[in-house]
Structures are given as C-alpha cells and as structure tokens.
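The values are calculated or read from the model by the stated rules, or taken from the named source; none is laboratory data. Quick caveat, the model's predicted, so the values are computed rather than measured. With ideal geometry, Cβ positions are generated from the backbone for all residues, glycine too; neighbour counts draw on all protein chains shown. Areas reflect the complete protein model, heavy atoms only, side chains present, ligands, DNA and RNA absent. Shrake-Rupley method; radii C 1.70, N 1.55, O 1.52, S 1.80 Å.
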Amino acid sequence: MNNTLGDTLPSLPNDFQGTENGEGQLSDQQKVKLGNLGMMTPMSNTLTYDFEQITLDTSPKESVVNHKNYENIDTINEQEENKCKLQKYQSFKVAKDQIRKSPKHKTCQPQQTVPQLEIGEQNLETHTEQQSPDTPSMNAQTLKFIKELWNSEKSETEYFKEIVDQKIPIVDYKIPTLNIYSPLVDCNSPMYEPDIEMDLYLTSLVDSLWGNQIVSRKLQKMLETGSNEQKELIVQKLERVSPQVEKDIFGNYVVQKIFECTNNKLQQRMFTKLKPHFYDLSKNTFGCRVMQKLIEYTYNRNDLQIQVLQQLQSNMRSLVYDLNGNYVIFKMLETFDKFKMEFMIPIVEESFNYMGQQIYGCKIIHKIIQQYSQQQITKIIRLSVQNYNILSQTEYGNYVLQHILQYWIPSQEKFHLVQLVLQQFFQLSINKYASNTVERALEALGKQELVSIMKWLLCRSPNQYTSNFVVLANHQYANYVIKKFLVLSDHNVLKYISDHLYQNQSEFTAIKSTVHGQRINSFLDKQIQNLP
C-alpha cells in the first residue's frame, strides 16, 4: 500500500515502462499487451481516459456523480420547502363554512387548497383528521389579547411589560400552543370576527398607496361606504405615514376624504396628527389641497381655527409669495371670521404690487375689499389707483381695477380712477386686458358723460381716414368696448350714431369691411328697433 508509482514501474516489462511518444500516452499495441496481461481492467480504462483528458484538456470538468447528487439534494430541498409552506398554510386554515364570503373582495373568498404532499407513509388529509385531542381551543380572553396586540402600536415586549405593571395575572393571557393543523381561532366563540383577511387587505392597500391611482380610489370608496372598523384601520395606518402621504399625488385625496366621510373622532385624530406640519403642507402642491379641506372642516369651530392661526400666522408673509400658500390664505378668508383675519390687511398692503399681478393674489385682494370697511382698506384702494396703468394691462391685475369700479362705493378714489381710464380711452380699449377695465369704467358714468364720449367717438383723428367709432368697432378687442357703450346709451345717442354712419358712405363701407364691424352695425340696428 505504501509503494509509489516509481516502485511499481521497474517490475513491469520494459515495453510498458515508458511511452514511445513524448506525451505519456499508451500506444494501441501497448494497450493490447496490457489487456492480455489482465492489467487493462474497466477501472484502468477509465483512469487512463481521465489521465488523457487531464493532460490534454485543462478546461474544468463537472463530475457526473456530483451532478446527480446535486439533483437529489435540490429535490429534497424543494420537497422540504413545499412541506413548510403547506404547514404554514394549514396553520391559518379556517373552516370553509365559517369564512365570510364577500362578492366585492377576492381576498375574502376561501382559497383553493394546494396539492397535498405525503408526510411519511400517510396522506395529509388523514393526518389532518388525527388531531391531538389535547389541543386547547382559543378562549375569548386569548382572542382579546391578540386583537389588542394587533391594533396596538406597541411591540410585544412593551405590551407584556404593561400587563405586568398592572399586576394582571399573566396566566390569563397565555396563548396556548397551537397544532399546525388546528384552526387559528375558535369559531364557536362569541367574539369570533373573521375580518383578519380584510384587515390585511386594507393594510396592503395603504402600503401600496404611493403614486397609485387605482388604490387611492379603492380607499376613498371604503371611506365612503365601509364600516367604522375599516375606516378606523385606514386612519390608523395613514397616521403612521403622515405627513408624507398628504404630499403624494394620489394619497392626498384619501386624506381629504377622511375630513368628508368619517366621524368627528377620526377627523380630530388626523387634525392633531397634521397640526405640526400645517406650514409645510401649505407650501406643497398636493399638501395645500389637504390644508384647504382641513380648513373647511374647522368651519364654525373657534378652537380649531385658533390652532390653525397659531401655526400659520407667523409665516403668513412667506405664504403670500408662495404659489400654493395663496390657496390656503384665500380659503382661510372664506372660512374664518373676518375679525380673525384683519392681520392680513397690512401684509397685503406691503405685497400689493406682487399680489395684484398673480392669479390667487388678486383674489385675496378682492376678498379683502369685499369684507372690510372703507377705513380699513383705503390704502389698498389708493395703491390700486396709483398703479392703474400697470394693473389694467396685466392678465390678473385688471380684475382688481374691475372689482373696484364695479363694487366699490362712490368715493373720491373711485371717481379719480374713472377719469384716469377715460383719459387713455383709445390706448386701453385696444389692449386685450385693459379693454375689460374700460367696460367697467363706462358702467360708472352718467348720461351726460356718455354723450361726451359719443362726440369723441364720432370725431376723426388727423392720421385716420375714419372716425374713432369705426376704428374701435373693427378692432378685435375694442369692439367689446363699443358694444358696452351701445348697451348703456339711450335712444337719442343710438339714433345719432346710426344717422352719422348712413350719411357718411365711406364710414358705412369701412365698418362693414370686417367681421367685428358687421356685428357692431347689426347690433346697433337691433338696439334701435327694440327701443320705443
């Protein structure tokens, strides 16, 4: 056994001690001689072949024996894994006649039993029937413990510590050792509630809510038509992910639905949870929508409105310059008592030039002009008059001037604004936005003032071939000003303008040369026919 290969070779004939070629391979003649001597056994043939492959091919080889062993090991592992899955499934199996069937949710339907594997020599069905008679059933106290632990935010360690501190006998809360094939709960218990699948379903929906429109709609529908327990579970799960979920493109709609469809207790819980984040949400594109719904919830609730003001009042100047914060301020002006929002007047005065040209900023100015007295907003009116030329020609600023001309009480400031508009009647009438301001200024004039404007309209400027009336009537924006003027004028003014057009054939031809002029001419004829 201790002989080496060198000890064995001298005992062989010389013909077999070496090779004739330089690669150490046996020639066919040598193999025949070794076979005749009984030295080329099947094993030696295999060794010789392996030796040849090793010397010629250095690429890694996979053993056939090891490959078969690995296949057997994989098969055993797969069987063990399937067995564990089946045991876990059977441990949570509830009798089919006790499972609540709901046509709305597939998760509430009884699942199909997976193909059963053989355990030992017995079938799994036979093994399931032979349950241990000593397995204790779950009593009401145990189910109560499970339910409290399920709904609690505490860990098991904290929960047990609380039980010990209250000196409650721990034996009453002892969970019996369950057989893996026995039902999870006692179906005969009066506290049996087969809602565990629905709870898991709702939890899964909340976890997958982020950026998912379909899940968002499902949760909104459950908040509208679901049970109180389902609504409470949804609120509980959303509390844990606030305020991030309020900033989600679809999650914010679910939180809004809480302030619409749930009871006051759940709404108050969500309000308290969001309270430290009011300012942050007000500046967020989707969070400001939740804030507007939350402010609506505080209607006629003085204590809640005070809490909102405490969080936002110090940051109101920052919200004025924020595109999303403007929405929140406007909702506060609509919902809160006006005396609580008086602090906004000096802030608007400071930011008037910016707010007057911004879509929601001008709405805030409108609301303040409507709600507060003349003495309180005199400075705002003066700022509007001073900046009339800029405001009248901007997309949103012209609405501020329109509001003052339409709703503001007669005053020196309003009269001064009308005069400024009439001084630039032609330039403002041909502007897309300023033409709206001119229309409102015409509504503030009396009959004598309208006659003065008529005389100016029928005049012809030095660089024009037709009168101002025809030029403005043919313009795409100014024709609306002319139409408003005709509506406000009496029968004598209308008749005078019509006679002027028919007496000057060049002007009559010019006014009918455009679509806008033709409409003005037709409207003038109808107004004359309808007047007595």
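For Ser351, Ser373, the ranking by accessible surface with the largest value first comes to Ser373, Ser351, using a 1.4 Å probe. Extension gain, Ile430 to Lys221: 0.36 nm times the residue separation minus the Cα-Cα distance gives 70.1 nm. A full extension of the chain between Leu323 and Asn264 corresponds to an added length of 18.1 nm, given 0.36 nm per residue minus the alpha carbon distance. For every other residue with a beta carbon closer than 11 angstrom to the beta carbon of Glu260, add +1 if it is Lys or Arg and -1 if Asp or Glu, then tell me the sum. Net local charge, Glu260 excluded: 0. With a simple spin-label model that places each label point 7 Å from the Cα along the Cα-to-Cβ direction, the separation between Val515 and Arg382 comes to 4.8 nm.
The calculated FRET efficiency for Gln236 paired with Gln419, based on their beta-carbon distance and R0 = 60 Å, is about 0.40.
One chain, two ends: Gln370 and Asn389. Fully extended at 0.36 nm per residue, the span grows by 4.6 nm beyond their Cα-Cα distance.
Summing +1 for each Lys or Arg and -1 for each Asp or Glu among the other residues whose beta-carbon sits under 11 angstrom from that of Gln371 gives -1. Set the Förster distance to 56 Å, then compute FRET efficiency between Ser208 and Asn302 from the Cβ-Cβ distance, nearest 0.05. Efficiency computed from Cβ-Cβ geometry: 0.90. Surface listing: Asp322, Asp280 arranged by accessible area from highest to lowest gives Asp280, Asp322, probe 1.4 Å. Charged neighbours of Phe508, selected by a Cβ distance under 14 Å, balance to -2 (K, R count +1; D, E count -1). Basic side chains Lys and Arg get +1 at the Cβ, acidic Asp and Glu get -1 at the Cβ, and with that the dipole of the stretch 352-443 about its Cα centre reaches some 200 debye. Placing dummy labels 7 Å off each Cα toward the beta-carbon, the span from Ser522 to Asn492 is 3.1 nm.
Kindly give the semi-axes, whole Å and largest first, of the ellipsoid equivalent to the stretch 263-406, taking each as the square root of 5 times a Cα gyration tensor eigenvalue.
That gives 30, 15, 12 Å for the three semi-axes.
Remark: accessible surface ordering of Val255, Val471 (largest first) is Val471, Val255, probe radius 1.4 Å.
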